[in-house]
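Notes to accompany the following structure.
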Amino acid sequence: QVQLVESGGGLVQAGGSLRLSCAASGRTFSMYAMGWFRQAPGKERAFVATIDRSGGSTSYADSVLGRFTISRDNAENTVYLQMSSLKPEDTAVYYCAARSFRVSRRPDEYEYWGQGTQVTVSS
């Protein structure tokens, strides 16, 4: 079992920045690829970014490429999502998720999920 707890969400003006954190506890954090996903009202949960177990490989949705950065600290059992140049369309509940070994962009392939943190970007 892995427990995930997100933090760092909030209200920010367009063009601003936020950093989300996801703290993991339970089994060995470095065994898991990590992903960030988001869900806006009335929409399906969507891929945002992934990072492999070592932190050496990342991937991003086209909509956030160049604005968001995913990173992880295996010593601290934490994954981060640095969000810059935020837009109103980034408004959503953001979730972190863990998947054994390999990364994926599909939310249904992740085994563990946090409770989510709300990000609201005002225009």
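Tabulated values for the structure
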item	result
Filter result for the condition that a residue is out of contact with any Cys (no Cβ under 7 Å at 6 or more places or on another chain) and farther than 15 Å from TRP113 by Cα, over ARG53, ARG38, ARG27	ARG53
Any hit, segment 15-29, residues being outside any loop (DSSP other than H, G, I, E, B), within 20 Å of ASP62 (Cβ to Cβ), open to solvent by less than 30 Å² (accessible area, probe 1.4 Å) and of a type in the set (Phe, Trp, Tyr)	no
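The values are calculated or read from the model by the stated rules, or taken from the named source; none is laboratory data. Since this is a predicted model, take the numbers as computed values, not measurements. We place every Cβ from the backbone using ideal geometry, glycine too, and count neighbours over all the protein chains shown. Protein only, heavy atoms only, side chains kept; ligands, DNA and RNA dropped before computing areas. Shrake-Rupley method; radii C 1.70, N 1.55, O 1.52, S 1.80 Å.
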